Each structure stands twice: as structure tokens, then as C-alpha cells.
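Worksheet: the structure to be examined is printed underneath.
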Amino acid sequence: MKSKILELLATKEGKNIVLALELAKGQKIELGALDLSFANLKGANLKGANLIGANLRGADLEGANLIGADLEGADLIGADLRGAELRGANLVGANLRGANLVGANLRGANLRGANLFLADLKGADLEGANLEGANLKGADLRGTILEGLKINQAPTGEKK
């Protein structure tokens, strides 16, 4: 089973990745930090997916369903997350440097310590999100919904 899952993941095609993650649910298979860099996951249903430490650098996640997904420590540098559903997602310590989050739904998401340097958050919904300690330097927040936002002690320095 593990070899089939790893084979599907290696294709970096959205439907195969979703299938692999679905097969891994309930299995005692340690996928570790997945390399899904530049993968095509446009519109993929990754609700509740375990993507801790995953490499999603440059991935196309436009319109993807990542509700409740665990993306702690994930590398999302330059990822396309336009219109993505990230309600309640765990993005603690995630690197979203230069990511496109235009119109993304991040209600109640945990972005504590996340790097959002130069991220495009125009029109994103951050209501009730936790941005404590997050790096927002150079981020575009025009039109962003910020009600109930937790943002204490956000650093202004650049994280690389």
C-alpha cells in the first residue's frame, strides 16, 4: 500500500495526490514531509489533510479545499492559493513568502509565527485568524477582512 501511495504522490498531479492522501487516511503510513513542489492541485479537495512540513513551494492550489488541513511548518513559498478555502487550517510556522492568497478564506486559521512576507492577501478573509508572531512585512492587505484578528507581537523583520 505504501509503495502505491508514494507512486501516486510522485506524479505531482492533483487527482493522484488527492487519491494518495485519501488512501493514507486511517493507515499507519508515515508520509513525512511530502515534496509536492510545483504540483497541480487546482481545486483539489484536501479537507483535513495532514500536510505537516510538506514542500508545496510554487504549487497551484487555486480554489483548493484545505478546510481544517494541517500545514504546520509547510513550505508554501510562491504558492498560488487564490480563492482557497483554509478555514480552521493549521499554518503555524508555515512559510507563505510571496504566496498569492487573493480572496482566500482563512477564517479561524492559525497562522502563528507564519512568514507572510510579500504575500498578496487582497480581499482575503482573516476573521478570527491567529497571526501572533507572524511576519506581515510587505504583505498586501488591501480589502482584507480583519475582524477578531489576533495579531499580538507580530514581528516586522524579514524572515527568509
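The values are calculated or read from the model by the stated rules, or taken from the named source; none is laboratory data. What you are looking at is a predicted structure, and each value in this text was computed from that prediction instead of being measured. Don't worry about glycine lacking a Cβ; one is built from the backbone with ideal geometry, like all the others, and counts go over all protein chains shown.
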>> Being over 11 Å from the mean Cα position of the chain (by Cα) and in a strand (DSSP E or B) is the filter here; which residues of the stretch 106-117 pass it?
In response: ASN115
>> Residues to consider are GLU127, GLU72, GLU132, GLU147; find the one that is in a loop (DSSP other than H, G, I, E, B), among the acidic types (Asp, Glu) and within 17 Å of LEU51 (Cα to Cα).
In response: GLU72
>> Out of the residues in the stretch 133-151 meeting the condition of being within 13 Å of ASN110 (Cα to Cα) and aliphatic (A, V, I, L, M), tell me which one is modelled with the lowest pLDDT.
In response: ILE151
>> Against the definition (modelled with pLDDT of 95 or more and either under 10 Å from the mean Cα position of the chain (by Cα) or among the aliphatic types (A, V, I, L, M) (or both)), how does ALA64 come out, yes or no?
In response: no
>> Quick check on my filter: what residues within the stretch 75-101 are part of a loop (DSSP other than H, G, I, E, B) and either surrounded by 23 or more Cβ atoms within 10 Å (Cβ to Cβ) or touching a residue at least 60 places away in the same chain (Cβ under 8 Å) (or both)?
In response: LEU76, ALA79, LEU81, ALA84, LEU86, ALA89, LEU91, ALA94, LEU96, ARG97, ALA99, LEU101
> How many residues are modelled with pLDDT of 75 or more, surrounded by fewer than 19 Cβ atoms within 10 Å (Cβ to Cβ) and farther than 15 Å from GLU62 by Cβ if we restrict to the stretch 20-51?
Replying inline: 5
